[in-house]
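No value in this document is a laboratory result; all are computed from the given coordinates. Just so we're clear, the structure is a prediction, and the values are computed from it rather than from any experiment. For neighbour counting, all protein chains shown are included, and Cβ atoms are generated from backbone atoms with ideal geometry for every residue, glycine included.
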Amino acid sequence: MRTFKLDDNFDRVIENNDFVVIDGIDALIQRLRVTLTTFLGECFMDKTVGIPFFQEVFQKGVSVERIAAVFKTPIIQTDGVSELLDFNLKIDKIKRSLSGDFSIRADNGEIGVVTL
């Protein structure tokens, strides 16, 4: 699947006065990044799309396992992902931050790494 390349601010990338187009594993990784940074209810066209940050992730007392499941489920369900190979989640309660990375195998066999 071909799509427009997005920069770190999720703006379309333009080079030589034209939009940059990506496909393959790069497009899949970008789709995962967009999926995992979209808040549940943020998309006005479909309020069921997104990660339940306010409903679950940001709540007090939620287990690390539950938060990991909130992220793993949409990764596994993304078209083009055949397998979740590795998943690392780091939660810093003092700084109130969440980071991590994961690697996936695409349907075509390519392996990609995504940083949260």
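Observations on the structure shown:
- With the largest listed first and rounded to whole Å, the semi-axes of the equivalent ellipsoid of the stretch 3-115 from the Cα gyration tensor are 26, 18, 14.
- Projected label points at ARG12 and THR37, each 7 Å from Cα along the beta carbon direction, are separated by 1.8 nanometres.
- Of the chymotrypsin sites (Phe, Trp or Tyr not before Pro) in the stretch 33-116, the ones in a loop by DSSP (not H, G, I, E or B) with at most 13 other beta carbons within 10 Å are PHE44, PHE58.
- Spacing of the two label points (7 Å from each Cα toward its C-beta) at MET45 and ASN108, in nm: 2.4
- DSSP beta bridges confined to the stretch 3-115 are antiparallel in about 95 percent of cases.
- Phi angles across the stretch 100-114 convert, under the Karplus curve 6.51 cos²θ - 1.76 cosθ + 1.60 with θ = phi - 60°, into 3J(HN,Hα) values of x, 7, 7, 10, 10, 10, 7, 4, 8, x, 5, 10, x, 10, 10 Hz, Gly and Pro given as x.
- Computed from the C-beta positions of MET1 and GLN59 and an R0 of 35 Å, the FRET efficiency is 0.50 to the nearest 0.05.
- 9 Å beta-carbon shell around THR115, net charge (K/R +1, D/E -1): 0
- Checking every one of the GluC sites (Glu not before Pro) in the stretch 1-87 against DSSP loop status and a limit of 13 other Cβ atoms within 10 Å picks out GLU42.
- C-alpha center-to-center spacing [the stretch 91-112, the stretch 26-72] in angstrom: 13
- Helix axis angle, 64-77 relative to the chain longest principal axis, alpha carbon, degrees: 30
- The stretch 48-116: trypsin sites (Lys or Arg not before Pro) in DSSP coil with no more than 16 other Cβ atoms inside 10 Å: LYS60, LYS93, LYS95, ARG96
- Residue-averaged [θ]222 nm for the chain, counting only DSSP H segments that reach four residues, each worth -39500 (n - 2.57): -8000 deg cm²/dmol
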